[in-house]
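Undergrad: If you scroll down you'll find the structure; I have some questions about it.
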Amino acid sequence: SLRMAQGYYYERITMQRKLTIYYTSDVHGYFSPVDYASGKSAQSGLANCINGFANDGNTLIIDGGDILQGSPLTYYLYSQRRDGDCVPARLLNLGGYDFVTLGNHDFNYGKAEIERYLRELDAVCLCANIGGIAGVRRIAVVTLQNGLRVGLTGVTTHFVSQWEQPANLDGITVTDAFTAAAEAYAELQQQQVDLTVCIYHGGFENDLRTGAPLYTTDENQGCRICNELGFDILLAGHQHMPVENLCLNGTYTCQPPDKAAAYIRMDVTVGDTITAESRLCRPSEQPLPAAEEYLAPIDKETSAWLDRPVGHLDTALTPSDPLDMALNGSLIANFFNQVQLEASGADISCASLANTVRGFDKNVTVRDIVSTYIFPNTLVTLAVNRAQLKRALERSAEYFTLVADGQISVSESFLHPIVQHFNYDYISGVNVTFDLRRPVGDRVTSILWHGEELDDTRSLSLCMNNYRASGAGGYGVYTECGVLREQPTEIAELIIDYVLRHKDITVDKTKWLNIIY
């Protein structure tokens with residue numbers, strides 16, 4: 001800028017300092033470049049992402065959480081190999097990570113597993129709204145080689161306290177993410193930092209194109225953090241929604257997709273003003289050599305375990321596209337419900353399918369099971385009356401929308417801002433009719449229990465996964481229902497046990513849902 005001094009002009013050149021951030025989030029145990037459902041190679045995986053990182057001393061490498069759970073590999077590590085070193089921590093160490101936060105799924109294996117991960121991790125864990133876990137800090141300040149002082153904090157969606165099993169949160173406190181972020185920002189302001197960064201395991205509650213609200217809860221508070229707090233950078237996650245090069249009310253923000261399908265590179269310049277540009281980067285074609293060498297024997301063990309036959313079905317359970325399965329029923333969902341009903345002793349059951357489903361050959365392997373039932377859920381049985389059950393079924397009926405010429409498509413609310421076929425539930429044990437010609441919220445016209453309309457005064461036991469029992473996915477009615485039983489064993493394990501015990505299995509082929517349109 002030009003300044004006047006004693007009648008002369010001189011130019012003051014502001015020193016600009018730069019920072020590069022590499023950011024991953026929601027890796028969900030996808031460390032190697034492999035498609036676990038098929039066993040074939042894929043250009044993805046954390047080992048391939050970290051091969052693209054370059055640290056020049058003015059670089060920060062950060063992860064946004066949900067790394068401990070979510071793949072057949074992590075299922076194997078936790079169920080069969082718990083005495084070994086912590087593989088996620090080892091991979092992050094090889095990648096040179098500086099900071100991480102915790103994601104909601106990192107709590108799935110309990111406090112002891114989180115503390116084991118953090119003990120073996122070189123990076124600093126920042127999570128200002130989580131208390132009671134050794135190794136978790138509220139804030140950190142780091143000075144780069146160029147002298148830039150960066151202040152950082154992390155927070156995770158406080159909905160973890162609604163979704164997680166109480167036993168896994170024993171000794172842990174979870175507070176509101178926005179409030180904790182605001183308090184941490186105020187603390188960083190006292191540290192005379194040049195740049196503030198919030199690592200948020202949460203997403204955006206508003207449509208990033210229109211600003212329209214997307215949620216009625218505060219599960220995701222990314223837009224509010226950008227609009228009401230003063231962070232220079234917000235690194236978001238949780239939604240699995242790729243977002244690059246976005247600035248909201250002066251806060252530069254981004255979000256990578258899940259399963260290490262891409263990572264974020266953000267280049268930041270700090271001078272009189274702060275500017276940042278972020279972009280999504282494809283993983284390298286080859287993994288980091290040290291990571292490949294480390295993972296090779298673990299991947300070999302895992303593959304052998306996954307391909308071990310454990311039982312036989314009377315028919316192959318082959319998926320079709322999600323809309324077809326929702327309309328016409330899915331034998332995969334029937335099979336899941338079959339397992340849940342036996343394990344719980346409930347009257348009726350509901351189950352959901354992942355966005356992408358592998359399915360089962362007649363000869364069932366562990367790979368089939370853990371690649372088709374990918375969720376880390378446990379089983380909960382609730383008491384429901386007809387009115388409560390109808391409200392829940394109406395939520396599933398919202399999945400469909402009528403378009404031109406009487407055709408049916410998936411409702412936009414199940415596709416945007418993220419694809420959520422997993423929030424459509426398949427019911428077993430009662431015969432249900434949806435009339436899609438009727439308005440949303442009044443489409444359930446019949447609920448038959450043993451061939452007769454379910455009486456308003458009759459209570460049934462309904463088993464489901466713990467995620468759904470928490471009310472997640474728009475099923476808030478379940479939070480009003482009494483809990484009859486909670487079973488701590490993961491449903492994938494219940495399926496493995498069911499197949500091992502029965503060996504030769506006849507799959508329920510009942511068409512429980514009738515749809516009129």
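The values are calculated or read from the model by the stated rules, or taken from the named source; none is laboratory data. What you see is a predicted model; the values in this text were computed from it and never measured. All Cβ positions, even for glycine, are placed from backbone atoms using ideal geometry, and neighbour counts span all protein chains on display. Calculation scope for accessible area: heavy atoms of the full protein, side chains included, ligands and nucleic acids excluded. Shrake-Rupley method; radii C 1.70, N 1.55, O 1.52, S 1.80 Å.
Undergrad: Roughly to the nearest percent, how much of the accessible area of the chain is carbon and sulfur, given a 1.4 Å probe?
TA: Within the chain, the accessible surface is 47 percent carbon and sulfur.
Undergrad: So, one more: If I take the Cα coordinates of segment 466-517 and project them onto the principal axes, what are the three extents in Å, biggest first?
TA: Rounded to whole Å, the extents work out to 38, 38, 18 Å.
Undergrad: Another question, if that's okay. Let me check I have the definition right: for segment 74-191, take the eigenvalues of the Cα gyration tensor, multiply each by 5, take square roots. What are those semi-axes in whole Å, largest first?
TA: Ellipsoid half-lengths, sorted descending, are 26, 20, 9 Å.
Undergrad: Another question, then. Taking segment 316-390, how much of its Cα-Cα pair set, in percent, is spaced more than 21 angstrom apart?
TA: Percentage above 21 Å: 32.
Undergrad: Provide the packing ranking of 29-40, 64-75, 445-456, 373-384, i.e. peptides ordered by the mean count of other C-beta atoms within 10 Å per residue, highest first.
TA: 64-75, 373-384, 29-40, 445-456
Undergrad: From the helices alone, meaning DSSP H stretches of at least four residues, give me the mean residue ellipticity at 222 nm for the chain, per-run term -39500 (n - 2.57), in deg cm²/dmol to the nearest 500.
TA: Helices in the chain give a 222 nm mean residue ellipticity of -7000 deg cm²/dmol.
Undergrad: Pop a pseudo-label 7 angstrom from the Cα along the beta-carbon direction at both Thr210 and Thr273 and give the gap in nm to one decimal.
TA: 3.0
Undergrad: Let me know the number of lysine pairs in the chain closer than 16 Å at the Cα, not counting same-chain pairs under 8 apart.
TA: For the chain, qualifying lysine pairs total 4.
Undergrad: Between Gln407 and Lys511, take the C-beta separation as r, use R0 = 30 Å, and let me know the FRET efficiency to the nearest 0.05.
TA: 0.90
Undergrad: Counting only heavy atoms of protein chains, what accessible area per residue, in Å², does the chain have with a probe of 1.4 Å?
TA: Accessible area per residue, the chain: 41 Å².
Undergrad: So, one more: For Asn328 and Gln192, calculate 0.36 nm times their separation in residues minus their Cα-Cα distance, and state this gained length in nm to one decimal.
TA: Between Asn328 and Gln192, full extension yields 42.9 nm more.
Undergrad: Could you give the radius of gyration (one decimal) and Dmax (whole number) of the Cα atoms in the chain, in Å?
TA: 24.7, 97
Undergrad: With N set to the residue count of segment 46-89, report its C-alpha Rg divided by 2.2 N^0.38 Å to two decimal places.
TA: 1.46
Undergrad: Still on this structure, I have one more. Mind ordering 428-439, 136-147, 215-226 by average Cβ neighbours within 10 Å, highest first?
TA: 215-226, 428-439, 136-147
Undergrad: Same structure again: Taking the square root of 5 times each eigenvalue of the Cα gyration tensor, what semi-axes in Å does the equivalent ellipsoid of segment 243-286 have, largest first?
TA: Equivalent ellipsoid of segment 243-286: 24, 12, 5 Å, largest first.
Undergrad: Just to check, using Stokes-Einstein with a Kirkwood Rh over alpha carbon pairs, what's the diffusion coefficient of segment 138-246 at 4 °C and 1.567 mPa s in µm²/s?
TA: My calculation gives 86 µm²/s for D.
Undergrad: Give me the net charge for the shell around Leu313: Cβ to Cβ below 9 angstrom, other residues only, Lys and Arg +1, Asp and Glu -1.
TA: Result for the local shell: -2.
Undergrad: Where does each of 280-286, 401-407, 102-108, 365-371 land if you order them by average Cβ count within 10 Å, highest first?
TA: 102-108, 365-371, 280-286, 401-407
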